[in-house]
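Read the structure below first, then the notes.
The values are calculated or read from the model by the stated rules, or taken from the named source; none is laboratory data. What you see is a predicted model, and the numbers here were worked out from it, not measured in a lab. Note that we place each Cβ from the backbone using ideal geometry, even for glycine, and neighbour counts take in every protein chain shown.
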Amino acid sequence: MFTKRRAIGVVTAAAAAALLVVTAWSAGAQEPTAAPAAPDRGYYTLTGADTVAKRTQVISSADVLQEGHDGGPMELVASPEQVEKLRAQGFTLELTGDVDAILAKRSGGPSTNDVGAADFPAGDEGFHTYDELVAEVTAAATDHAAIAQKGSIGSSFEGRDLPVVKISDNVATDEDEPEVLFTCNMHAREHLTTEMCLHIIQRFTDGYGTDQTVTGFVDSREIYVIPTQNPDGSEFDISGGEYQGWRKNRQPNSDGSVGTDINRNFAYKWGCCGGSDDNPSGETYRGASAASAPETAAVQAFADGRQFKAHIDFHTFSELVLWPFGFTEDDVTEGMTQEQRDRFANIGEQMAATNGYTPEQASDLYITDGSIDDWMWGTHGALSYTFEMFPSSGGIDGFYPPDEEIGPQTTRNDAAVDILLTNAG
């Protein structure tokens, strides 16, 4: 809010501006035009965030799309209030667009559909809605009943089932084989990740008996796939047939805002280290308490009941292979010996060599706390990675690649998935 001194200065400036307008009119000048107001969701580039600490500061204040850790500017979505706060902290921001206008253009123009996720915007129908996803995993379990079994880990806030598919040669038996987990669609707008998990299910069912590599893993591993961890948010993101740019779940908050960032809500080091937002309106809001989001609680309870040796959580975008920890910049710390860190790095680098991603510790980007890979490793000792998928950059459009990219970008990770499965043994 303005102080009294500042308010007086503003009134004085306004009076002077009015006098200039009158003078201009008396001289026959054209009516001046006011500068356009900043949009409610502006697209900005930000410079000055050249350290992990500064990038962490920014991501706790706005919706960061491009991290800028490669030396380039950060790209983010921010309200006028958030922009004012960041500028007061010493960052330089330049407005480059209106996010809602960008999303409308990417969606093919403003939609006239009723609100509801009947399908993706025209041209992107190759992506699966929630109902289509459920139909796909049900069909896979039905068509390959000897090796695939569909179950549930619980329900979302709005009551949608959170399906899980188990793939193994003796699928109905809990065998003494390494268990490996693949999770997708933590953040609503990251639809390509859902396709990644569906591709894993398809590859390890359709390929069984004909593909030697696939058959070997199905015979020697228990593979679990959770294709969506945030169905409510994902459906909302395509509501009305137009992309919304939505990230969080759809759980109401005490201040009237909506949504918890599921990937800041896990119980390990929850809220510990400045790597999440305590403001419910923030894009990285960590929730009222650890595992307060029903989706987080469901994933935790499911993993608590298994013995997972390895795990990948798929996200978009930036083309990165990330490993724990995210809550600290230290490579070696409590819960992470030098030997363990070196193993993470070695396997991460092997996987990145196959898909062309950049391998690094998660905190090389910025600090995060309450993330799934920190929790999977810190709580269960699972070799847990985050993959940031295609594209390498792209701003808000980076979350919405054309559906022609589904095939190339999911098969791009086949060899990396195989490396993780091998190292789970």
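For the range 129-144, which residues satisfy the criterion of being within 23 Å of VAL171 (Cβ to Cβ) and within 23 Å of the chain's Cα centre (by Cα)?
Passing the criteria: LEU133, VAL134, GLU136, VAL137.
Only one residue in GLY123, GLY108, GLY97 is modelled with pLDDT under 90 and under 26 Å from GLU405 (Cα atoms). Which one?
After ruling out the rest, the residue left standing is GLY108.
Condition test on ALA362, is it under 21 Å from ARG264 (Cα atoms), buried (at least 19 other Cβ atoms within 10 Å of the Cβ), touching a helix residue (DSSP H, G or I) at 6+ places or on another chain (Cβ under 9 Å) and modelled with pLDDT of 95 or more? I'd like the intermediate steps shown before the answer.
Working: under 21 Å from ARG264 (Cα atoms): yes; buried (at least 19 other Cβ atoms within 10 Å of the Cβ): yes; touching a helix residue (DSSP H, G or I) at 6+ places or on another chain (Cβ under 9 Å): yes; modelled with pLDDT of 95 or more: yes.
Criteria met by ALA362.
Within the range 222-268, which residues are over 23 Å from PHE399 (Cα atoms) and surrounded by 22 or more Cβ atoms within 10 Å (Cβ to Cβ)?
GLU222, ILE223, TYR224, PHE266, TYR268
Only one of PRO408, PRO401 is outside any helix (DSSP H, G or I) and of a type outside the set (A, V, I, L, M, F, W, C). Can you tell me which?
PRO401
Read through the list (1) modelled with pLDDT of 90 or more; (2) closer than 12 Å to GLU242 by Cα, then give the number of the only condition that ASP63 fails.
(2)
Answer yes or no: is there a residue in the range 287-296 that is at pLDDT below 95, of a type in the set (S, T, N, Q) and crowded, with 20+ Cβ neighbours inside 10 Å.
no
Tell me which residues, restricted to the range 323-371, are over 22 Å from the mean Cα position of the chain (by Cα), among the hydroxyl-bearing types (Ser, Thr, Tyr) and over 30 Å from SER289 (Cα atoms).
THR354
Could you tell me whether SER371 is in contact with a Gly (Cβ under 6 Å, 6 or more places away or on another chain), modelled with pLDDT of 95 or more, surrounded by 21 or more Cβ atoms within 10 Å (Cβ to Cβ) and under 21 Å from CYS184 (Cβ atoms)?
The answer is yes for SER371.
So VAL225 fits all but one of (1) under 13 Å from VAL299 (Cβ atoms); (2) of a type outside the set (Ser, Thr, Tyr); (3) free of Cβ contacts under 8 Å to residues at least 60 places away in the same chain; what number is the exception?
So VAL225 meets the others, but not (3).
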